[in-house]
Amino acid sequence: MNFPILSSITFLPLIGAFFVFLSKSESNQVNKGAIYVSLFTSFANFFLVLFLWYSFDNTSSNFQFVEESVWISGFIKFKFGIDGISILFILLTAFIIPICVISCINSIKNRLKEFLIAILVLETFMIGVFCSLDLVIFYLFFEAGLIPMFLIIGIWGGPRRVYSAFKFFLFTLLGSVLMLIAIISIYWITGTTDVTEIYKIKIPSEFQNLLWLAFFSSFAVKMPMWPVHTWLPDAHVEAPTAGSVILAAILLKMAGYGFLRFSVGMFPLASEYFTPLVFTLSVIAIIYTSLVALMQDDMKKLIAYSSVAHMGYVTLGIFTFNKQGIEGGIIQMFSHGLISAALFLCVGVLYDRAHSRLINNYGGVVNILPKYSFILMIFVLGTLGLPGTSGFVGEFLVLVGAFKVNFLVAILASVGVVLAAAYILWLYKRVIFGKLENNQIKEMKDLNKSEMGVLVSIGILVIFFGFYPEPLFNTVNVSVDNLINNYNMEINKFSVLK
Amino acid sequence: MINAVYFLIPEIFLSLSIFTFIIFGVFKKNSFDLIYRATIIILPIVIFLILNNNFENVKIFNNSFALDEFSSFMKILILVSSFFVLIMSKKYIQDINNNKFEYPVIMLIAILGMFFMVSSNDLILFYLGLELQSLSLYILASIDRDNLRSSEAGIKYFVLSALSSGLLLYGCSLLYGFTGSTNFQVISNNVGDINIGTIFAMIFILVGLAFKVSAVPFHMWTPDVYEGSPTSVTSFFAIVPKIAGIAVFIRFMYSPFQNILDEWQYILVFISIASMILGAVAAINQKNIKRLIAYSSISHMGYAIAGISTGTESGFKSTIIYILIYSAMNIGFFAFVFLMKRSGKYIEDINELSGISKNHPLAALSLLIVLFSLAGIPPLAGFFAKFYIFMSVIESGMYALAIIGLVTTVVSAFYYIRIVKVMYFDSPKKPFESFKSYGIYGSLIFSCLFLSSFFMYPSIFNGIISKINIF
């Protein structure tokens, strides 16, 4: 098949953004043209990605749909290609973006056109991250996402948006520049930045630790791992709903993807060497941020901290280096992408009506918004990992993987499950049940059609993948096997050498 | 000798037009507009003449004047950027009632001086070119002679620059004394056996060169001169002499001092790191947009010098790409500064830009692109400029320089995105005065398109640059 489908799904949103840019903006009025164009592009892209998933070959561990062309002559090729791991994230991205577009049509009041452009441009960059098979191209897309996200937080955010936007931008940039140095060093060590080539050439063991740390500095900030997670709650609280959704659902997953593709794939020895570090940070993240989440009175902040805790499971799972752990980490990322997106959308629903995110201002919502309360219930249960939701599958597998490797770590991580139940159920209790005291809430209306459609579609997926995660496993299975085999081969070779 | 004249056609044409313009300007009243237009037309003609000269690496006048790919490339870069500076600053010059015919003519003289600097293969010719350029720049800095700050800037620039020229000349004479020649090739051959005299000479020359490109610790004049001079002159200062300065820098380091790499490498690394750090840190608190760009240009010179400091071929080539992209970014930046006019006055305070994205969405978007590019965020061209530099720096194993350089990009990103914040996040003020100027809008659009589409094929210049050879 010669049709460059990966480039198409990557750059289609950019073309869409260009047309939105061209559409006439009547000041202060709803810009129909821009909305239709962005809806069309995002849905078209979603269907393209579904088609891609359909034509993807589950049984091969090679990179598929590979596209190559000369980019920087003599140095770097423009190389796209996907395997079972990347396609899941592309799927997630393409699914989340139309949802963001729908949700922002109602909630963004000023400069809607610019917002849509920012989201579509961001989609291009995010899909580019998951498609690229060249380190420099990866870095390019990875960093480029900062610009639209910075603007989304800064322009459409809440009262402390400037502080949050700057914190987000500078934290992530500082983490990433070290990765750039590492990428250039890899070029001079191996003579290429093509990931598949590097897998074959293998980076000499004496360089691996430093390079791993440089990549880690970038991914740890993006993930975010404790103690560099502090930008995330700020960014989440101030970002508009759609911004939070993208941030939680996709931007954080870029780091997890980076760990799998680059840290584990290219530096197996260093990954093994630094496993205790990652375990420690993950466990701290799980327990500490869950405790912090308990004490929050801002709903978005609470969910943000819970995201940090859930990402702790992901890093824990990835660095167990067994099949259960890694697949669990991937499923956990996928399900967290759905659930946290839905939770932020739910908070956005309340915020659009009552203009408050403080838990204290609510109470007794169930009397006024029964449908909303029911749907929120699904996602709350998904967050705490109730069997039957996709959250359970990921967490369970991660813990199984962790028990195989390190008993203590697994026990400590399990504590996080209990804590998650505590903070999220307490949140649900305080917001949904209790006495109806705030008069503002009494005038609220239940979900409208578009909100209903969006939340129900995510809810169905959460439950579907909770009962039947087989499609996800089928997709990643061979790629994960391949990753683990390569890892074990390297480790064994090295221990024999010793 | 006839042959030599043939090679010099671009320079001769430029000098003849300068004389014609001066005479014409003296005898005809109110000839500013005409001469300005003629100057703008002259520049593409000179580019054409340079491109038309089909030869490879010729040295004329007793090997003192080098005509090679390097000098042609740099000359064309100088001409193109001057062209943009001229077309976008015309409106400004007329608005501040400075429409004297000398202005474009002096710029042409400066360009002629730069031609000789870039092509020089001999200390004397180099010094002549440098002085021709510098004297024109002193006049340009104080061209708004009724304005106190402009005169002050001119005097300041003159005094400090004359001092540095003196040091440079002293270095040149020492170099002549210790190597016995003024020719770069001869010097390069004789400088090999280290003696303390040549190193002294090299350091004096480095001081002079660092001054001309405003690298730390010889940067003190930059913010004041940038702020005091009329913006049209600032835009010229920020772009064109920098190109010539870096070209001469490259020529010196790779030609006469080629064999004493070990001696100058650490000096350049220091200059580069100091410039990057000072440029990044000192700009944080600037309120005046011209002072800010002054510090920004200091830090950019730091990156350019980082490329030279590697002493490798890929090093100076990355510097050439850097200076090219730097020029494109500054053209865009200054085109926007020329738009900042409110109720008849040009404004320079950054806070006055507040909320401009509401009133002028397109202009604000363009400045956004330019600023993120200056900060070196992918996928804009500024990233590739830095990328090439650090490719060569890491190739030479200078990891400390690379790490410091990249960490300072984060610091400098802060002040660039601060302008974005003022434009996009703050509440709107009164809109700018709207006026028609194809020059300004054209330059802005050109710069933005260049910066934002560079990523599609970043090796676009590699073909040309790979041909460049200095040795």
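The values are calculated or read from the model by the stated rules, or taken from the named source; none is laboratory data. Keep in mind that what you see is a predicted model, and the values were worked out from it rather than measured. No Cβ is skipped: glycine too gets one built from the backbone with ideal geometry, and neighbour counts run over all protein chains shown.
A few comments on the model shown:
- Close Cβ contacts (under 6 Å, 6 or more residues apart or on different chains) running from residues in region A:353-378 that are under 13 Å from A:Arg430 (Cβ atoms) to residues that are of a type in the set (D, E, K, R) and modelled with pLDDT under 85 comprise A:Gly363/A:Lys435; A:Gly363/A:Glu437; A:Gly364/A:Lys435.
- All positions within region B:62-111 that are part of a helix (DSSP H, G or I) and of a type in the set (Ser, Thr, Tyr): B:Ser71, B:Ser72, B:Ser81, B:Ser82, B:Ser89, B:Tyr92, B:Tyr103
- Condition met for A:Ile105 (within 20 Å of A:Phe334 (Cβ to Cβ) and assigned to a helix (DSSP H, G or I)): no
- For region B:140-150, filtering for residues that are touching a residue at least 12 places away in the same chain (Cβ under 8 Å) and surrounded by fewer than 19 Cβ atoms within 10 Å (Cβ to Cβ) leaves 2.
- Condition check for A:Asp352 on (1) surrounded by fewer than 24 Cβ atoms within 10 Å (Cβ to Cβ); (2) under 18 Å from A:Leu397 (Cα atoms): one failure, at (2).
- Looking only at region A:437-471, residues that are exposed (fewer than 15 other Cβ atoms within 10 Å of the Cβ), part of a loop (DSSP other than H, G, I, E, B) and not acidic (Asp, Glu) come to 3 in all.
- Residue in region A:139-156 that is at pLDDT 90 or above, buried (at least 23 other Cβ atoms within 10 Å of the Cβ), over 25 Å from A:Val101 (Cα atoms) and over 16 Å from the mean Cα position of the chain (by Cα) present: yes
- Taking the numbered list (1) part of a strand (DSSP E or B); (2) over 18 Å from B:Ala4 (Cα atoms) in turn, B:Lys59 passes all entries but (2).
- Where helices (runs of 4 or more DSSP H) fall wholly inside region A:141-204, the ranges with 1 or more residues that are of a type outside the set (Asp, Glu) and at the interface with chain B (Cβ under 9 Å from one of its Cβ atoms) are A:146-156, A:161-190.
- Qualifying residue in region A:378-386 (condition: surrounded by fewer than 19 Cβ atoms within 10 Å (Cβ to Cβ) and aromatic (Phe, Trp, Tyr)): no
- The one condition in (1) surrounded by fewer than 24 Cβ atoms within 10 Å (Cβ to Cβ); (2) in contact (Cβ under 8 Å) with a residue 24 or more places away in the chain; (3) closer than 30 Å to A:Ile186 by Cβ that B:Leu368 fails to fulfil: (3)
- The listed residue being modelled with pLDDT under 85, on the phi < 0 side of the Ramachandran plot and crowded, with 20+ Cβ neighbours inside 10 Å, out of A:Ala17, A:Ala34: A:Ala34
- Only a single criterion out of (1) over 16 Å from the mean Cα position of the chain (by Cα); (2) under 18 Å from B:Phe446 (Cα atoms); (3) hydrophobic (A, V, I, L, M, F, W, C) is not satisfied by B:Ile321, namely (1).
- B:Ser452 vs. criteria touching a helix residue (DSSP H, G or I) at 6+ places or on another chain (Cβ under 9 Å), in contact (Cβ under 8 Å) with a residue 12 or more places away in the chain and under 30 Å from B:Glu56 (Cβ atoms): no
- Here B:Ile377 meets each of (1) in a helix (DSSP H, G or I); (2) at the interface with another protein chain (Cβ under 9 Å from one of its Cβ atoms); (3) of a type in the set (Val, Ile, Thr) with one exception, condition (1).
- Any chance B:Asn351 is more than 26 Å from B:Ile389 (Cβ to Cβ), of a type in the set (S, T, N, Q), touching a helix residue (DSSP H, G or I) at 6+ places or on another chain (Cβ under 8 Å) and outside any loop (DSSP other than H, G, I, E, B): yes
- In this structure, B:Tyr346 does satisfy being closer than 27 Å to B:Gly228 by Cβ and away from chain A (no Cβ under 14 Å).
- Filter pass, A:Val409 being modelled with pLDDT of 85 or more, surrounded by fewer than 16 Cβ atoms within 10 Å (Cβ to Cβ) and assigned to a helix (DSSP H, G or I): no
- Taking region B:394-471 and the helices (runs of 4 or more DSSP H) fully enclosed by it, the elements with 3 or more residues that are within 10 Å of another protein chain (Cβ to nearest Cβ), within 24 Å of the chain's Cα centre (by Cα) and buried (at least 17 other Cβ atoms within 10 Å of the Cβ) are at B:399-424.
- The set of residues in region A:60-75 that are under 14 Å from A:Ile137 (Cβ atoms), assigned to a strand (DSSP E or B) and not charged (D, E, K, R) comprises A:Val66, A:Ser69, A:Val70, A:Trp71, A:Ile72.
- Considering the conditions (1) more than 14 Å from chain B (Cβ to nearest Cβ); (2) modelled with pLDDT of 85 or more; (3) within 14 Å of A:Leu6 (Cβ to Cβ), A:Gln64 is excluded by exactly one of them, (2).
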